[in-house]
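Shown next, in structure tokens, is the structure this report addresses.
The values are calculated or read from the model by the stated rules, or taken from the named source; none is laboratory data. Since this is a predicted model, take the numbers as computed values, not measurements. Virtual Cβ from ideal backbone geometry, glycine too; neighbours counted across all protein chains shown. Side chains are part of the model used for accessible areas, which takes the heavy atoms of the whole protein and leaves out ligands, DNA and RNA. Shrake-Rupley method; radii C 1.70, N 1.55, O 1.52, S 1.80 Å.
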Amino acid sequence: MFDDFSSSFIIQHYNYWMVIVLMMVGLYIVVSRGNLVKKIVGLNLFQTAVFMLYISVGKIIGGTAPILTGNPDEVYSNPLPHVLILTAIVVGVATTALGLALIVRINERYGTIEEDEIADIEQEIDRQESA
Amino acid sequence: MDMSPSFAISLAVLLPLIGTVLIGMSDRRPNQREAVSILTSIALFYVVAGFLPDVMSGARPSATWFEVLPSLSLAFEIEPLGMLFALVASGLWIVTALYCIGYMRGNKESHQTRFYMCFALAISAAIGIAFAANMFTLFIFYEVLTISTYPLVAHKQNEAAKSGARTYLGILIGTSIGFQLIAIIWTWILAGTLDFKLGGILAGKIDPTILPVLLGLYAFGIGKAALMPFHRWLPAAMVAPTPVSALLHAVAVVKAGVFTMLKVGVYIFGIDLLAVTQASDWLMWLAAASILIASTIALTKDNLKARLAYSTVSQLSYITLGMALATSLGVMGGAMHIAMHAMGKITLFMCAGAIYVATHKTEISDMDGLGRIMPFTFGAFLIGALSIIGLPPLGGAWSKWYLMLGAADAGHQIMIVVFMVSSLLNVAYLLPIVARAFFVPAPRFASAGAAAVPVRGGIQEAPILCVLPPVITAIGCLLLFFYAGEIYSLIYPVAFPDPSSAAVQSLAP
Amino acid sequence: MLSAILAHAPALQTVVPLIAAPLCVLFGRRHLAWAITLAASLISALFAAYLLAQTLDGSVISYELGGWAPPLGIEYRIDAVNAFVLFIVASVGALVALYARESIEQEIDPALHVYFYTAFLLCLTGLLGVTITGDAFNVFVFLEISSLSTYTLVALGAGRDQRALTAAYNYLIMGTIGATFFVIGIGFLYMLTGTLNMADLAERIAALGDNRTLRIAFVFIFVGIGLKLAMFPLHLWLPNAYSYAPSVVSVFLAATATKVAVYVMLRFLFTVFGFDYGFQAATLQTIVVPLAVIAMFASSIVAIFQSDLKRMLAYSSVAQIGYILLGISLLNKPGLTAGIIHLFNHAVIKGALFMAVGAFVYRIGSSRIEDLRGIGKQMPWMAAAFVAAGLGLIGVPLTAGFISKWYLIQATLDEGAWWLALLIVGSSLLAVIYVWRVVEAMYLAAPVQDAPVKKAPWSMIVPTWIMVLASLYFGINTELTGKAASTAADLLIQATQIEKAPETVPGAPAAGE
């Protein structure tokens, strides 16, 4: 019975498990890495996981592309999540671009892209201001 | 007067506001500024006094401005208590306006325009409080009064003034928002109205066991009544220039507090409800304690204004006590005490200011022998002090008389003892000042703080505008003794409401 | 002609700033860009006013974008709730556009001005779009349009302080996580129901009843929006972003961005999810109420200790969002009305405060409280504006803040939650302390500089005073705000069977008698 449960629970939902692992990896990178670029990479992983969640939900096994063929029994995948994710990918790319642009500027001004070094510099600025 | 009542009421509230603007516009012309100040005060008194005959004959002029929240309007209605308070505030403003000129010029104070503007604004708020037709309107003006007097307390802008003003604002805003606002909204939810109605609006709408809690929220929420332990702001406010202490912290602000207390007792709870449920018993004891403790503290103060401030704390609790007795005579005594104490205390404060202008002395121990060179000032001081103590033929005698009658009527004989002990304490902290000034010879060398002013023989009073006003109010104390009957008949319908009589009916608009 | 245009008001509302945005870059002249921005935001504001007037009686406008019928097409759906928020955003946007011209002169490199206007217009588009749309995924898209442009706007503060860059970066990371959470939640809702139209979603969710997927969707959306609206303790991006952004951006963000996020929260909580299920209601009662109270106190206390005025106001914003959330999570009509009315009042008050601060920065180049000593004498108009708006923040009578507080306390007392009422007044007394610190510095301290500081330019004084006067006006006449808020509250409550909820909700306080 346990086998039944685990096989159905894990294998039938393998796409979810994949998404969850990927998502957590991404989130972990965002939280744990001090390098600003790596954070962006993590953020990308995180977002990609969500894209895959959407896409896998829309897919029907054995379904074709949603093109009208005249056959009413044609099984096709749900196109809507895919279209939504196109939009989300655009948003994700824009976010990445903006994030990287900010990192370039930060590097110009601070001379580093390491979080703790930036924090040190900012503390120094704080001290000078209050002095 | 030919004005319609609603216009006249609006005018009374707005006149000082107009004055504020005009004063602001005459920033660089001191003479014009002070002329505006005096003219506004006279015009205001004229308008306010115009209501008196109508109110005496039982009319209740009213005005509604607009609705702020659904079924909560900014509205005004003149009833006897408000009439009395408005008369006291606006009448004494004239005297103080004169006194201000003498004091502010005599001391060469800075920021005088701001001072006069805030002063006028505060009076406008006081009139708004006096004429408010509902608790909502009253609360709004109550807060305006707090905010507009803050710059007056912080006037000197030094560290002491700033910290005093902080205490002032902190306690007044803290209590009013912290307790009073909650009490008001609670009342509104319970009663569905905040209109002042003789006999109260809460009867039958509230569980008697939580009545004392609601009363407590009001009593402590009305921080301006300086009930202990929320009295600290009053001594703290003494950093303000003396005219402010005189008019605002002996008359307008503190009287706004006890006036609100009376209004809440008479028009929100209703004295019958309080009497039946005995919800105000604890308040009575607290007020009694406040009277005695504050008087005792006053004894220990050497700074004249601080001593007067604690005396005020104690005298205010007389009025709270009058309300808490929950008898008609108590309310009568409390209401009368608003007028009597105002007249007496403003005299004392103006004298304190005159002494400061003339000699820059603030400590009582430095005032030995001053009576001989400032006989008018100290003469006025003596009269004011005797009125506070409650000796005939001065006004203060009547209010104490009615308060004691009220205590007897309520069956709290011990409160009579409180009043008597308190009167003795009044004697002990007020009369020595006069005695020292007249009978103790001046020291040969003035003490360090006042070294700049050598004490010479002969009369050396403060400027005339500093001395004349306290003399006027001292005479006022005397006159109040003989005109107390008028106040009595003014307040009568409030203190002795006959459910079937015209008094209740006339409250209906 | 006019009626033909007005029929498309919902679309034009967002399209006008959207089209104006690239025009700013194309023309490339900063004064022209300013004129375009001002015109576009004014037009948006007029449309918003028109839509509000149409919906104030409780009616609903449904607009099919491109003529595609919902639920397949995207529907713009305007009722009193979002018409009110649209009005706030668009009118604040117009005032900010007026104010921006002089303000950025000092704070942003002139070469970047056109980009500022572009980003500003895009941000406005995004915020208006989020508010107006009736499609759940469309909310995400507009949310990201506004967020991405906001990150840019914050980063433009680097001309004055390089820390704006890291503030923008951190905001980007947090904001993106929030948006992604939100989109996950939408995904679950779609999986569950097969629709994205909010009205459709609501119907199908009600038909399905409570289930685990729904709960997961709810939690993701709740946390995602919580990040965007700076719900304590997800507010960490806010103080830096507000303090290092250009002043005009702080004005705009403080007055609109978090308000729109609150609106989204309201929309999802009430219209989409409804309160038939104890889970959502219990979340609000057991999680949001304590968090809101903590926000009210913790952030106010932190605000007291700030030396920078902008930062102080930022923390105060977190506290004020606590009030709004508290009102909402009381789940009764007065509470909801209080929350919505405070949404508006706080937008006006905080906008005015940040505008005053922006003028100080314009003239003396600093927003540190110690540098503002004696400014009351030197910049009387702006200092007075600050005091008047500050009184509103405290909630003194005759200001808009008092009205909010009145409703909020009434709502808590209605619920019998007197301890909440005490906490509300307690935390508003903390506002007295931090506002008064500034008042003392401005008026009672000796001036820092001997050199006279010039008055602020009129183009800054006018919008600031419009905001201040609005904050006073809405404290005296609550007809518009009160009516809009209570109509909105009615609509939201109708959308959900809120009245039924208390019986089935564990841990909810008993409804008032």
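Mind grabbing the interface size between C and A? I mean buried accessible area, both sides, 1.4 Å probe, in Å² to the nearest hundred. Looking at C and A, the buried total is near 3100 Å².
In plain terms, if you count all Cα to Cα distances in segment C:291-513 and split them into 5 Å steps from zero, the share in each step is 1, 7, 15, 18, 17, 14, 10, 7, 5, 3, 2, 1, 0, 0 percent. Normalised size of the protein assembly as shown, defined as Cα radius of gyration per 2.2 N^0.38 Å with N residues, equals 1.05. The phi torsions of segment B:178-187, fed into the Karplus equation with coefficients 6.51, -1.76 and 1.60 and a -60° offset, translate into couplings of x, 10, 5, 4, 4, 4, 5, 5, 4, 4 Hz, rounded to whole numbers, with Gly and Pro shown as x.
Of the heavy-atom accessible surface of chain B (probe 1.4 angstrom), what whole percent is carbon and sulfur? Roughly 68 percent, rounded to a whole number.
Atom-type composition of the exposed protein surface of segment C:291-513 places 64 percent of the accessible area on carbon and sulfur (1.4 angstrom probe).
Taking amide H as placed 1.01 Å from N in the peptide plane, the amide H of C:Arg368 sits under 5 Å from that of C:Leu309, each at least 5 places away or on another chain. Once the partner protein chains are put back, segment A:29-72 shows a loss of at least 10 square angstrom of accessible area, versus the chain by itself, at A:Val30, A:Leu36, A:Lys39, A:Ile40, A:Leu43, A:Phe46, A:Gln47, A:Val50, A:Leu53, A:Tyr54, A:Val57 (probe 1.4 Å, ligands and nucleic acids excluded). Taking N as the residue count of segment B:110-259, its C-alpha radius of gyration divided by 2.2 N^0.38 Å amounts to 1.09.
Ignoring trypsin sites (Lys or Arg not before Pro) that are buried or in helix or strand per DSSP, and keeping those with at most 15 other beta carbon atoms within 10 Å, what is the longest stretch of chain C between them? Within chain C, the longest run free of exposed trypsin sites (Lys or Arg not before Pro) spans C:30-453. Projected onto the charge dipole of the protein assembly as shown (+1 at Lys/Arg Cβ, -1 at Asp/Glu Cβ, origin at the Cα centre), which of B:Met83, B:Ser163, C:His235 gives the Cα projection farthest towards the positive end? Value: B:Ser163.
Counting lysine pairs in segment C:291-513 whose alpha carbons fall under 26 angstrom apart, excluding pairs fewer than 8 residues apart on the same chain, gives 18.
Debye-formula intensities of segment B:1-154, expressed as log10 I(q)/I(0) at q = 0.10, 0.14 Å⁻¹, are -0.35, -0.67 (one equal scatterer per alpha-carbon, no solvent).
For B:Val427 and B:Ala49, the FRET efficiency from 1/(1 + (r/R0)^6), where r spans their Cβ atoms and R0 equals 35 Å, is about 0.50. Computed from backbone phi with θ = phi - 60° and the Karplus coefficients 6.51, -1.76 and 1.60, the 3J(HN,Hα) list for segment B:374-380 is 10, x, 5, 4, 6, x, 4 Hz; x is used for glycine and proline.
Principal axis extents of the Cα atoms in segment C:14-126, from largest to smallest and rounded to whole angstrom, are 45, 27, 16.
Based on protein heavy atoms only, segment C:354-433 ends up with 24 Å² per residue of surface accessible to a 1.4 Å probe. Computed over chain B, the per-residue total of -39500 (n - 2.57) for DSSP H runs of n ≥ 4 gives a 222 nm mean residue ellipticity of -23000 deg cm²/dmol, rounded to 500.
Using a 1.4 Å probe over protein heavy atoms, the accessible area lost on pairing B with C, summed over both chains, comes to approximately 2700 Å². The residue among B:Thr347, B:Ala397, B:Ser57 whose Cα reaches farthest toward the positive pole of the charge dipole of chain B, with charges on the beta-carbon of Lys, Arg, Asp and Glu, is B:Thr347.
Which residues does the label zone of B:Leu14 cover in segment B:27-68, counting backbone N under 13 Å from a point 7 Å along Cα→Cβ? So the set is B:64-66. Take the alpha-carbon centre of segment C:216-240, take the same for segment B:248-324, and report the distance between them in whole Å. Distance between centres, Cα-based: 50 Å.
With the simple model of a label 7 Å out from the Cα in the direction of the Cβ, A:Asn107 to C:Leu236 spans 2.5 nm. Only helices enter this figure: runs of n ≥ 4 DSSP H residues, each worth -39500 (n - 2.57), summed and divided by the residues of chain A, yield -25000 deg cm²/dmol at 222 nm to the nearest 500. Across chain B, C-alpha contacts under 8 Å between residues 6 or more apart give a mean separation that, scaled by the residue count, equals a relative contact order of 15 percent. In this simple spin-label model, placing a label point 7 Å from the Cα along the Cα-to-Cβ direction at both B:Lys205 and C:Ile433 gives a separation of 3.6 nm. Note on segment B:95-119 and segment B:174-245: Cα centroid distance 32 Å, given to the nearest whole angstrom.
A Cβ-based charge dipole, computed about the Cα centre of the protein assembly as shown with Lys and Arg at +1 and Asp and Glu at -1, lands at about 3120 debye. As an equivalent ellipsoid, chain A spans semi-axes of 44, 21, 8 angstrom, where each value is the square root of five times an eigenvalue of the C-alpha gyration tensor, largest first.
Keeping the other protein chains in place, figure out the carbon and sulfur percent of the accessible area of segment A:25-131, with a 1.4 Å probe. With neighbouring chains kept in place, the figure for segment A:25-131 is 63 percent.
Model label sites at A:His13 and B:Asn303, defined 7 Å from Cα along the beta-carbon direction, differ in position by 7.2 nm. From the Kirkwood radius over Cα pairs of segment B:284-432, Stokes-Einstein at 4 °C and 1.567 mPa s returns a whole-number translational diffusion coefficient of 85 µm²/s. Remark: segment C:25-37, residue by residue, has Karplus-estimated 3J(HN,Hα) of 6, 4, 6, x, 9, 5, 6, 5, 4, 5, 4, 4, 4 Hz, where x stands for each Gly or Pro and the curve is 6.51 cos²θ - 1.76 cosθ + 1.60 at θ = phi - 60°. In this structure segment B:5-505 gives 32 Å² per residue of accessible area when probed at 1.4 Å with all protein chains present. Across chain C, Cα pairs under 8 Å and at least six residues apart give a relative contact order of 16 percent. Each of B:Ser73, B:Leu11, B:Asn31 was placed along the dipole of segment B:8-82 (beta-carbon charges, centred on the mean Cα), and the one lying farthest toward the positive end is B:Asn31.
Spherically averaged projected area of the convex hull of Cα atoms, chain B: 21.7 nm². Where the alpha-carbon atoms of segment B:310-368 are placed on the principal axes, they occupy 46, 17, 13 Å, in descending order.
With contacts taken as Cα pairs under 8 Å and at least 6 residues apart, segment C:291-513 reaches a relative contact order of 28 percent.
Once the Cβ-Cβ distance of B:Phe66 and B:Glu486 is raised to the sixth power relative to R0 = 35 Å, the FRET efficiency obtained is 0.50.
Legend: Rg and Dmax of chain C, from Cα coordinates, 21.6, 71 Å.
A viscosity of 1.567 mPa s and a temperature of 4 °C, combined with the Kirkwood radius over C-alpha pairs in the Stokes-Einstein formula, give segment C:69-117 a diffusion coefficient of 96 µm²/s.
Candidate cross-link partners of A:Lys39 among the aspartates and glutamates, defined by an alpha-carbon separation under 15 Å and a same-chain spacing of 8 or more, comprise A:Glu114, A:Glu115, A:Asp116. Measuring between their Cα centroids, segment C:272-314 and segment A:102-131 lie 30 Å from each other.
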